[in-house]
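First comes the structure, then the notes that go with it.
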Amino acid sequence: MLLLPLVAYSFVMDKSSETKKWMINENSTLTVNGSTNINTFACDVPAYGQVDTLTIKPKADKSIILSGKIDLKIQSFDCHNSIMTHDLQNTLKAKQFPCLHISFLSLSELPELTARPKSITGLVRIELAGVLKQFEINYQVSADAQKTIHLVGTRDLNFSDFNLVPPRKLGGIIHTNDKLNVVFHLKMTAIE
């Protein structure tokens, strides 16, 4: 009888320290919002188009390892204007570096999966145009009634972070600003 509370406690502890796997669904998206000196624009990858897995591993020191990677084809970006799409793909050096790689490294905490989004942060490593940088990402994590896990990450980045020069047109009369806002929405399913 005296051991029952200890067994129950260890079961709860084991449950929270279990490795979890989330399968990234094909309909996950990425959007890059930016501006020029005359307008704003949004370029997106409307669907990820493949299936990958993220692994969540809580550690004894309460840190959370998040591992997994997504690879997005630069040619998949659509700015909803053929000239802007072409300019973005050229600026990102799509022929030389055809993919944007995002490697997931950690989470600030193990999120509760509820309908109400929970704010957390995490670290990612982004490789773009041959340059590798690490960033902290702001996430909103939730789960819907169909048990789809939504991980929405946002971060402001600059073309210059990756040694890229923003596109210019008409001899520099129209120029794209250096700052971009990147939003990705991973839709995932827990793998039991």
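Meeting the requirement of 1 or more residues that are more than 17 Å from the chain's Cα centre (by Cα), the strands (runs of 3 or more DSSP E) wholly within segment 22-99 are 29-35, 40-45, 52-58. Does segment 121-132 hold any residues that are surrounded by 15 or more Cβ atoms within 10 Å (Cβ to Cβ) and assigned to a strand (DSSP E or B), and which are they? Residues satisfying the conditions are Gly122, Leu123, Val124, Ile126, Glu127, Leu128. Being closer than 19 Å to Ile120 by Cβ, of a type in the set (Ser, Thr, Tyr) and touching a strand residue (DSSP E or B) at 6+ places or on another chain (Cβ under 9 Å) is a condition met by no residue of segment 32-50.
So, Ile126, is that one closer than 18 Å to Gly34 by Cβ and in contact (Cβ under 8 Å) with a residue 40 or more places away in the chain or not? In short, no.
When you go through Ile191, Ile174 one by one, which is the residue that is exposed (fewer than 15 other Cβ atoms within 10 Å of the Cβ), touching a Lys or Arg at 6+ places or on another chain (Cβ under 6 Å), over 22 Å from Val45 (Cα atoms) and not aromatic (Phe, Trp, Tyr)? Just a single option satisfies the conditions, and that option is Ile191. Selection of first residues in segment 83-101 that are closer than 12 Å to Lys73 by Cα and of second residues that are among the polar types (S, T, N, Q) and part of a helix (DSSP H, G or I), restricted to Cβ pairs under 6 Å at least 6 apart or on distinct chains, gives the following pairs, ordered by first then second residue: Ala94/Gln75.
In this structure, His80 does satisfy being farther than 29 Å from Ala143 by Cβ and at pLDDT 90 or above.
Within segment 133-192, the set of residues being farther than 16 Å from Trp22 by Cα, assigned to a strand (DSSP E or B) and either β-branched (Val, Ile, Thr) or more than 19 Å from the chain's Cα centre (by Cα) (or both) comprises Ile137, Thr154, Arg168, Lys169, Ile174, His175, Thr176, Val182, Val183.
Tally up the residues in segment 133-150 that are buried (at least 16 other Cβ atoms within 10 Å of the Cβ), touching a Lys or Arg at 6+ places or on another chain (Cβ under 8 Å) and without any contact (Cβ under 8 Å) to a residue 40 or more places away in the chain, please. Looking only at that region, the number is 6.
The values are calculated or read from the model by the stated rules, or taken from the named source; none is laboratory data. The structure displayed is predicted, hence computed values, not measured ones. Don't worry about glycine lacking a Cβ; one is built from the backbone with ideal geometry, like all the others, and counts go over all protein chains shown.
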